[in-house]
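To start, the structure under review is shown below, and the notes come after it.
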Amino acid sequence: MKVFGTSVKLIYLLRNPVQAVFSMYKHSLVDADIYEDIKKNMWTEGCFDSYVEDYLNNLERRVYGQRSLFALFLYGRYLATALKYVPRQNIYVILFEDFIADPEKETKKLLKFIGASTDIPLNYHMTENVGNRVPKSYRTLKAAKSKFAFWHHFYVPKVPYLGNTVERIWDRWYWTITDKASIHTDLGITMNKETLEKLKNFYRPDVELLDATLHTDFGKRWNI
């Protein structure tokens, strides 16, 4: 409390952790560096099941290599820690599932939480997520990523007066190229029932901690 003060507000967007880790795995395929592996058909049906099995049964991976991907969605421990420093009324939790179902309602609730006007015009048009793809042109994406990274690491810090405006222009440029130069790669990526149950068992203790911490029923909603 002494560090953050009483006016700091934290916002958490939570998604069913099993579905979240599955989505994150597929999203990782957007990296142009794996394009050649995609062409060799290395990412096919069953690859996610093997990925999860390897993680759950390999202590070294759980402690080091792939820990971050699975640990990203251990919400209970994060919220329990946050409550040590920030009062409960300053923490707002929104469920991804609720936002997708009614983005206008959830956005207005969020605006109210931060003390902003709920009467401002907002565009709730749902656009396609351009993730889960690999480039048709490996060179095009590599060049785009290089220029994008150079701008963020050099120009933005050194030319602050341009700041947000130019950064938004580069964001649009990069993602437009990503969209046009890419194809879907997640069409054969599935999760079998056994993997689903294993992930539910893995996340269940943390979801129980989350519900106990926030006095919610997210575990029931997520069927975990």
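The values are calculated or read from the model by the stated rules, or taken from the named source; none is laboratory data. Here the structure is a predicted model, which is why all the values come from computation and not from measurement. A quick note on method: Cβ atoms are made from the backbone with ideal geometry, for glycine too, and the neighbour counts reach across all protein chains shown.
Listed by first and then second residue, the pairs linking a residue in the range 5-27 that is farther than 13 Å from residue 74 by Cβ to a residue that is small (Gly, Ala, Ser), with Cβ atoms under 7 Å apart and 6 or more places separating them unless they lie on different chains, are 10/82; 27/131. Restricting attention to the range 9-47 and to residues that are in a loop (DSSP other than H, G, I, E, B) and at pLDDT 80 or above, the residue that is surrounded by the fewest Cβ atoms within 10 Å (Cβ to Cβ) turns out to be 9.
Is there a residue in the range 160-173 that is on the phi > 0 side of the Ramachandran plot and modelled with pLDDT under 70? Break it down into steps so the answer makes sense when it comes.
Within the range 160-173, the first condition is being on the phi > 0 side of the Ramachandran plot, and the residues that meet it are 163.
Those left that are additionally modelled with pLDDT under 70: 163.
There is at least one residue in the range 160-173 that is on the phi > 0 side of the Ramachandran plot and modelled with pLDDT under 70.
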